[in-house]
Amino acid sequence: MKDILVLMEHRQGAMRDVSLEMLSGAAKLGGTVVAVLLGKDVDAFADKAAGLADKVIYVNDAMFENYNSRAYQKALEALIAENGPGLVLIGNTAQGVDMAPALAVSTGFPLVTDVTAIEMDGDKPKPTRTFYGGKLNAHMNMKDADTYILTIREATFPADDPSKSGEIVKTDNPVSDDLSYRQFVEYVEPEVGDVDITQSSLLVGVGRGIREDKNLPIVEELAKLLGADLAASRAVVDAGWLPSDRQVGISGKTVKPKLYLAVGISGAFQHVTGMKGADVIVAINKDPDAPIFGIADYGIVDDLFKVVPKLTEKVKELKGA
Amino acid sequence: MNMVVCVKRVPDTSESEVHIDGSGKGIDTSRLSFGINECDNYAVEEAIQKKEALGGNVTVISLGDKQSDEVIRMALAKGGDDAIRLEDEAFAGSDAVAVAKALAAAVKDVEWDIVFTGALTDDDGYAAVPVALGEILGVPFATYVKKLEVMDDGKKVKVGRELEGGLMEMVEMTTPCVLGIQTGINEPRYASFKGIKQAARKEITIKSASDLGLDASDCGEAGSWAALEQFTPPVVGEMAEILEGEPDETAGKLAGILKEKGLV
């Protein structure tokens, strides 16, 4: 089998988990695992990658100090041409998604995004991904090619403990293009609100099922009674019904409360990633196939507008007793 | 400042059960409602807001059959000026790159400074169209855009890309460019009654693959990176313990469990 090239992702001085996850997953597919590390003075990440890779290609250049998808794309084009890998793995992250489709177009190699499982058929990967917000798995047949590109969903593979000591090959920056048409300016940190939900021990999460902001009081009443804070799915924050610092998920916060009561939340992967670490997860949703029931401990399949007021009543009774 | 906004009609499956059809490659849509893809709705709003602020023209483009006219007309009703619909049997089975090739061919005949698309679609979720389209057109691109400021008389844009954990990456790019819009960038308006009436009379130009100068090898499965082989239901882990009964009963059971666990 040909080599597997794995792009290391890092930001603001930290290696991102998906990098080590992909190296661990690649090792199980067979073939030589080659980590590609583009950065400025990130020798520590090269050492980290070497623990899970057979070889680390390390390009140390100011061009890669902050992520620029064009610089990354041009570097990968050159490294793919030079190394002829059979497979290229990139994180299906805000960075990876901003670059991989352009890399696939410019190299002419096929791409499947947001991959959640890989089987190999000789040199050809057979990726699985999801459709309809995780409600179906789709088995994909890629066009025959010399190199296949996949973007891998975070947490698809567990990150293994370091077991290798791959050779670190310092490589000159292969990119000489003028990239001034797109320039990194700065990172802007998220706003801080009145409640830090990452510190809350009880959370009631509200999703799209609440339908309108005028319905929020029914969950607010329950939350208040439980002594819980309100959290929200992306849809509720996008609609402006709750502030963005209440958003749980990949683009929001990661929470680990004792209780996460998900009300009208379907449980798309993006949300679940942020709350699956809760001790007890309860879901109330009218769709029996909602993915949230796959990770909840307890579920009620019913109309939240009927169940939540009843639950408030029952909790009141218990508290009064 | 002229703009193109690409929209897709998709089934709303956010709160509905999704059943695989007999072919194993499609879903039973008989009980699903359809509408504009969520990110695309924000893309339409962003294009119209920029037109209102800076002047110019907004062209709405959609790849789909006649039923897509309803989402096109809604975008026109909100402030879009012209519309093109790409329809051809040859487009069946297109993945993100095949869609991007068709869109790239379609915008060649349109004057534009920015092409807006949704960052991803609610159905296949490839999230690859804006970036692939930008590369095919040979212009700068950015996706997961949640902030947009037009600078220097439209010669440049400053965009905020949404990263993990709510972090925003600010980048500056020259125009023309392609932007993949993320939900939450604005507050999409509702169309006015007057707008809807006017939109009903607007012409939607239909273009086939050959009108666009596309070869069969660029379209549908042949023009795609990958073909869908089969759908399967997702493998779920250990399912939740489902509390059965009427709301009064299930709420009572749940309250009891919370009490037992010391959470009440």
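The values are calculated or read from the model by the stated rules, or taken from the named source; none is laboratory data. Keep in mind that this is a model prediction, so the values were computed, not measured. As a convention, Cβ positions derive from the backbone with ideal geometry for all residues, glycine included, and neighbour counts pool all protein chains shown. Remember, those area values only see protein heavy atoms, side chains included, never the ligands or the DNA or RNA. Shrake-Rupley method; radii C 1.70, N 1.55, O 1.52, S 1.80 Å.
Brief remarks on what is shown
- Of all residues in region A:289-319, those satisfying the criterion of being more than 7 Å from chain B (Cβ to nearest Cβ) and not in a helix (DSSP H, G or I) are A:A290, A:D303.
- Restricting attention to region A:258-288, the residues that are open to solvent by 40 Å² or more (accessible area, probe 1.4 Å) and within 8 Å of chain B (Cβ to nearest Cβ) add up to 3.
- Selection within region B:31-81 - in contact (Cβ under 8 Å) with a residue 40 or more places away in the chain, closer than 16 Å to B:T205 by Cβ and among the basic types (K, R): B:R73
- Taking the listed residues B:T121, B:T175, the one that is open to solvent by 10 Å² or more (accessible area, probe 1.4 Å), of a type outside the set (G, A, S) and under 26 Å from A:E9 (Cβ atoms) is B:T121, with no other qualifying.
- Scanning region B:1-44 for residues that are part of a loop (DSSP other than H, G, I, E, B), open to solvent by 30 Å² or more (accessible area, probe 1.4 Å) and among the polar types (S, T, N, Q) gives B:N2, B:S14, B:S16, B:S23, B:T29, B:S30, B:S33.
- Residues that are in contact with a Gly (Cβ under 7 Å, 6 or more places away or on another chain) and facing chain B (nearest Cβ under 7 Å) were ranked within region A:99-129; the one that is nearest to A:R182 (Cα to Cα) is A:A102.
- Unique residue being in the same structural domain as A:V97 (by TED's automatic domain parsing) and more than 27 Å from A:A78 (Cα to Cα) when the list is A:K135, A:K143, A:K126: A:K135
- Within the set B:E46, B:E17, B:E52, B:E38, the sole residue that is of a type in the set (D, E) and touching a Pro at 6+ places or on another chain (Cβ under 8 Å) turns out to be B:E17.
- When B:K202, B:K155, B:K147, B:K207 are screened for being within 13 Å of chain A (Cβ to nearest Cβ), open to solvent by 30 Å² or more (accessible area, probe 1.4 Å) and farther than 30 Å from A:E9 by Cβ, only B:K155 passes.
- If the condition is being under 20 Å from A:E313 (Cβ atoms) and either open to solvent by less than 50 Å² (accessible area, probe 1.4 Å) or modelled with pLDDT under 95 (or both), then region B:229-258 contributes B:L243, B:G245, B:P247, B:T250, B:A251, B:G252, B:L254, B:A255, B:G256, B:I257, B:L258.
- Entirely in region A:157-257, the strands (runs of 3 or more DSSP E) that have 1 or more residues that are of a type in the set (D, E, K, R) and more than 9 Å from every other protein chain (Cβ to nearest Cβ): A:167-170, A:229-232
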